[in-house]
1. Of all residues in the range 84-101, which are open to solvent by 60 Å² or more (accessible area, probe 1.4 Å) and either out of contact with any strand residue (DSSP E or B) (no Cβ under 6 Å at 6 or more places or on another chain) or not in a loop (DSSP other than H, G, I, E, B) (or both)?
2. Are any residues in the range 39-75 at pLDDT below 85, out of contact with any strand residue (DSSP E or B) (no Cβ under 6 Å at 6 or more places or on another chain) and open to solvent by 70 Å² or more (accessible area, probe 1.4 Å), and if so, which ones?
3. In the range 45-60, how many are small (Gly, Ala, Ser) and closer than 22 Å to LYS29 by Cβ?
4. Suppose we keep only residues that are of a type outside the set (Asp, Glu) and more than 17 Å from the chain's Cα centre (by Cα) within the range 61-78. Which one would you say is nearest to ASN30 (Cα to Cα)?
Amino acid sequence: YPSANEYGWPTEYPNCNSAGIYAMLDCDKNIIYIGKSNNLGYRLSSYFAYDENRGCRLKDSRVEGVKYLITFATKDSEKYACSSLEEYLISELTPKCNTIGVY
C-alpha cells in the first residue's frame, strides 16, 4: 500500500465508471493478476475498501500482497475489446495468479 512519499489511495477508484482492464502488482512491481470488468469501480470494490482513515482495507484475502493497482479504461463503444485485451496481456505477461484455481 502506498507508504510515506507515495501518492496514496485516490478518493475514488481510477476509471471507476468505465469498462476496462486492471492489473495488480506486488511490492516489486511485478504483475500478479490481470482482470477485466464492465465497471472497474464496482469490480475493484469487491477486493478493496477504504478504512476509517481513508487508507486501503482488503476485503478479499486472495489479494494479499497487492501493493499497486493500474487501470486501463476503454470507451463505452469498445467494451468488447476488454476480453481480447485481457487474454492477450495474460498470455504475454503470464501473471502468477492468472491460473485456474487461483483468484
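1. Going through the range 84-101, the residues open to solvent by 60 Å² or more (accessible area, probe 1.4 Å) turn out to be 84-85, 87-88, 91-94, 96, 99-101.
Within the range 84-101, SER84, LEU85, GLU87, TYR88, SER91, GLU92, LEU93, THR94, THR99, ILE100, GLY101 qualify.
2. Residues satisfying the conditions are GLU52, ASN53, ARG54, SER61, ARG62, GLU64.
3. Looking only at the range 45-60, we keep the residues that are small (Gly, Ala, Ser), and these are 45-46, 49, 55.
Still in the list and also closer than 22 Å to LYS29 by Cβ: 55.
Adding up the residues that qualify gives 1.
4. Start the filter on the range 61-78 by keeping residues that are of a type outside the set (Asp, Glu), which leaves 61-63, 65-75, 77.
Filter once more, keeping what is more than 17 Å from the chain's Cα centre (by Cα): 75, 77.
Details: LYS75: 27, SER77: 31 Å.
Filtering the range 61-78 for residues that are of a type outside the set (Asp, Glu) and more than 17 Å from the chain's Cα centre (by Cα), the one nearest to ASN30 (Cα to Cα) comes out as LYS75.
The values are calculated or read from the model by the stated rules, or taken from the named source; none is laboratory data. None of these values were measured; they are calculated from a predicted model. When we count neighbours, we look across all protein chains shown, and the Cβ atoms used for this are built from the backbone with ideal geometry, even at glycine. All accessible areas refer to the heavy atoms of the entire protein, side chains included, with ligands and DNA or RNA removed. Shrake-Rupley method; radii C 1.70, N 1.55, O 1.52, S 1.80 Å.
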